[in-house]
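Notes follow the structure.
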Amino acid sequence: MEKRWVLSESDEKAIQSLQEDLKVSRILCDLLVKRGIKTLDEARRFFRPSLDDLHDPFIMKDMDKAVERLEKALENNERILVYGDYDVDGTTAVSLVYGFLVKYYNNMEYYIPDRYEEGYGISIKGIDYSIENGISLIIALDCGIKANAKIDYATKNGVDFIICDHHRPSEKIPEAIAVLDPKREDCEYPYKELTGCGIGFKLIQAFAIRNNIEFEKVQQLLDLLVVSIAADIVPITGENRILSHFGLKKLNENPRPGLVSLIDLSGIHNKDDIKISDIVFYISPRINAAGRMDSGNAAVKLLVSKEEAAAHINADVLNSQNDERRQIDKSITEEAISLFDTDKSLLEKKSIVLYNPIWHKGVIGIVASRMIENFYKPAIIMTDSDERFAAGSARSVTGFDIYNAIAECDDLLVQFGGHKYAAGLTIEKKNIPAFIKKFEEVVARTITKDMLVPEVQLDAELEIGLLNLNFYKIVQQFAPFGPANMRPVFVTRGLSDTGRSSLVGQTKNHLRVEATDQGYYVKGIAFNQSFKYSLIQKSKFDICYNLDLNEWRGSKNLQMTIKDIKSSEITPPSIEETITQKSAV
């Protein structure tokens, strides 16, 4: 699949100003400016995150009401239910809030709705459970912002709600005791991109302030919070960057027993230097597996475990469930891809919407992502919830707001929710054909041609003579990397093969590149790009890549992880690249 390279335009005035303050290279200042860092103070905060820079939680709309209601419940010995979604964000949020409060108050329990019986968000079953068991306060985490009718039902039956959510609200905010969501239009909280777990953390931070609990005890929750930040693919900027930095520090130095057990089972290569990417690929899938394959309660049980022995037993269960999940999503993905071989009309569409009543509900989100990897179109995968309804999971391509596209079809839906790039929906099965037709019409009308081509966002163009271990170490200080602060992608042009490049891997599907230019030499690995071998032998070529460190027998060498390769002869600079190059002269 061809990829579109886009070298983002540089702000020369801002670069020059920052360079005068920092006294570092233009390239590094360019990288900072492209991340919104334009002043000496912003650079200091970026490179030296401080917990003192966290925002006052009481700026958040309704925070004072939430803390007052929680304190009242504790004072009156009310029974409290900590309720959360079954994904990583929801289960870490429940573990964080429940795990902290239970140290001070024991008349409480936690509840994770069953994906198959109750579906996403606040459920009537969960409210009825609370009514039957004398629960008068529910703290809802990572859900509830659209549960207006269900909150009304709970209120009429004597159950109060504190909602801690980060999803987009509807026009009408639920009439709960408190609704904590920075995305509310009437909320002045300065950072809008917290996870559901992050909102729970701010509630605990506020509770601790009001009750003179030292912040060091709240800080112990950050290993859970960084897992939610990594798993929920939120921007790692501002407050999330601070929380991620110190969360990774906690995760690497003194993680809780449940996370220790997952790390031991995960296969992470360097357990003393766990990164955001390690959480995404190794830790979060195992936590998610509980809610996908059985019950999210198993994830919370693991994450609140205090004893290592019990944690290892619980982690084994999640690990087995993850193995089962991998087999199922592989099978369904292969089945979904095969539909394109039998129905060529699917390839002509701008969207992918597939429905199969017997597909496993727990993996349809993963399958939607796999379909984008193969066909690069907005994708929705649906399967049965029960006799009447189907559930769908949606994923999008860069630049396309799938939430808004689904919203245009809301007349055909029972409910929906989510973000720009990921969403979920419930639909009556009789409406599926009409939804497929209408969604395709919306996508075809609103998506651009460029959005249907995978994009590689390039940060800077470098000559290979600039690449050395010192430059690599400076770039590493931009970590933690993630959305809105991805690992820098560099482009180098006009390279020649040394004659020592080769195909590697058991099936020879990877390409090891050894290249040269102007007397300098570089090495890199291009995973799953063996088909580019003939290209680099025939002509000069351009590469875009991340910088990595290859360690072997005590020796450390710079290595490129190559994202794409193009012939220098047929890939003139894009418009964006031309603008950048002219402004740099």
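The values are calculated or read from the model by the stated rules, or taken from the named source; none is laboratory data. Since the model is a prediction, treat every value here as computed from it, not as a measurement. Here the Cβ is made from the backbone with ideal geometry for all residues, glycine too, and neighbour counts use every protein chain on show. Ligands, DNA and RNA are stripped out before the accessible areas are found, and what is left, the full protein with its side chains, is counted by its heavy atoms. Shrake-Rupley method; radii C 1.70, N 1.55, O 1.52, S 1.80 Å.
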**OP:** List every residue pair whose Cβ atoms sit under 6 Å apart, with the two residues 6 or more apart in sequence or on different chains, where the first one lies in region 1-24 and is under 17 Å from Val489 (Cβ atoms) and the second, anywhere, is open to solvent by less than 70 Å² (accessible area, probe 1.4 Å) and of a type in the set (Ser, Thr, Tyr).
**Re:** Leu7/Thr580; Glu9/Thr580; Ser10/Thr580; Ser10/Ser583
**OP:** Just name the residue that is nearest to Ser305 (Cα to Cα) out of those in region 109-136 that are open to solvent by less than 10 Å² (accessible area, probe 1.4 Å), in contact with a Lys or Arg (Cβ under 7 Å, 6 or more places away or on another chain) and outside any loop (DSSP other than H, G, I, E, B).
**Re:** Ile135
Subject >> Ala391 being of a type in the set (Gly, Ala, Ser) and open to solvent by 20 Å² or more (accessible area, probe 1.4 Å) >> reply: no
Original post:
When the residues of region 208-239 are filtered to those that are open to solvent by 40 Å² or more (accessible area, probe 1.4 Å) and of a type in the set (A, V, I, L, M), which remaining residue is farthest from Gly99 (Cα to Cα)?
Top reply: Ile233
Original post:
Among the residues of region 438-456, which ones are farther than 17 Å from Asp411 by Cβ, buried (at least 17 other Cβ atoms within 10 Å of the Cβ) and not aliphatic (A, V, I, L, M)?
Top reply: none
Subject >> Unique residue being at pLDDT 95 or above, assigned to a loop (DSSP other than H, G, I, E, B) and either among the small types (Gly, Ala, Ser) or open to solvent by less than 60 Å² (accessible area, probe 1.4 Å) (or both) when the list is Leu194, Leu203 >> reply: Leu194
**OP:** For Met371, indicate whether it is closer than 14 Å to Thr426 by Cβ and in contact with a strand residue (DSSP E or B) (Cβ under 8 Å, 6 or more places away or on another chain).
**Re:** no
**OP:** May I ask you to list the residues in region 401-411 that are open to solvent by less than 10 Å² (accessible area, probe 1.4 Å) and out of contact with any Ser or Thr (no Cβ under 7 Å at 6 or more places or on another chain)?
**Re:** Ile406, Cys409
Original post:
Would you call Ile242 surrounded by 24 or more Cβ atoms within 10 Å (Cβ to Cβ), in a helix (DSSP H, G or I) and not aromatic (Phe, Trp, Tyr)?
Top reply: no
**OP:** Determine, yes or no, whether Val414 is in contact (Cβ under 8 Å) with a residue 24 or more places away in the chain, touching a strand residue (DSSP E or B) at 6+ places or on another chain (Cβ under 7 Å) and open to solvent by 70 Å² or more (accessible area, probe 1.4 Å).
**Re:** yes
Subject >> Odd one out for Val489, checked against (1) out of contact with any Asp or Glu (no Cβ under 6 Å at 6 or more places or on another chain); (2) crowded, with 18+ Cβ neighbours inside 10 Å >> reply: (1)
Original post:
Which members of region 496-510 meet the condition of being assigned to a strand (DSSP E or B), touching a Ser or Thr at 6+ places or on another chain (Cβ under 8 Å) and free of Cβ contacts under 8 Å to residues at least 40 places away in the same chain?
Top reply: Leu503, His510
**OP:** Kindly list, by first and then second residue, each pair from a residue in region 91-107 that is closer than 18 Å to Ile199 by Cα and of a type in the set (Phe, Trp, Tyr) to a residue that is open to solvent by less than 10 Å² (accessible area, probe 1.4 Å) and assigned to a helix (DSSP H, G or I), limited to pairs with Cβ atoms under 8 Å and residues at least 6 apart or on different chains.
**Re:** Tyr98/Val300; Phe100/Ile204; Phe100/Val218
Original post:
Can you tell me which residue in region 305-362 is most open to solvent (accessible area, probe 1.4 Å), limited to those that are over 15 Å from Gly291 (Cβ atoms), acidic (Asp, Glu) and assigned to a helix (DSSP H, G or I)?
Top reply: Glu348
Subject >> Members of region 463-486 that are surrounded by 14 or more Cβ atoms within 10 Å (Cβ to Cβ), within 21 Å of Lys566 (Cβ to Cβ) and more than 25 Å from the chain's Cα centre (by Cα) >> reply: Ile464, Leu467
**OP:** Mind counting the residues in region 512-558 that are part of a loop (DSSP other than H, G, I, E, B) and of a type in the set (Ser, Thr, Tyr)?
**Re:** 1
Original post:
Within region 1-56, which helices (runs of 4 or more DSSP H) (wholly inside it) include 1 or more residues that are over 21 Å from Pro190 (Cα atoms) and open to solvent by less than 20 Å² (accessible area, probe 1.4 Å)?
Top reply: 12-22, 26-33
Original post:
Take the residues of region 167-190 that are modelled with pLDDT under 95 and not charged (D, E, K, R): which is surrounded by the most Cβ atoms within 10 Å (Cβ to Cβ)?
Top reply: Pro169
Subject >> Filter result (touching a residue at least 12 places away in the same chain (Cβ under 8 Å), more than 19 Å from the chain's Cα centre (by Cα) and in a loop (DSSP other than H, G, I, E, B)) within region 378-400 >> reply: Ser385, Arg388
**OP:** Find the residue count for region 62-77, including only residues that are part of a helix (DSSP H, G or I), open to solvent by less than 90 Å² (accessible area, probe 1.4 Å) and among the acidic types (Asp, Glu).
**Re:** 2
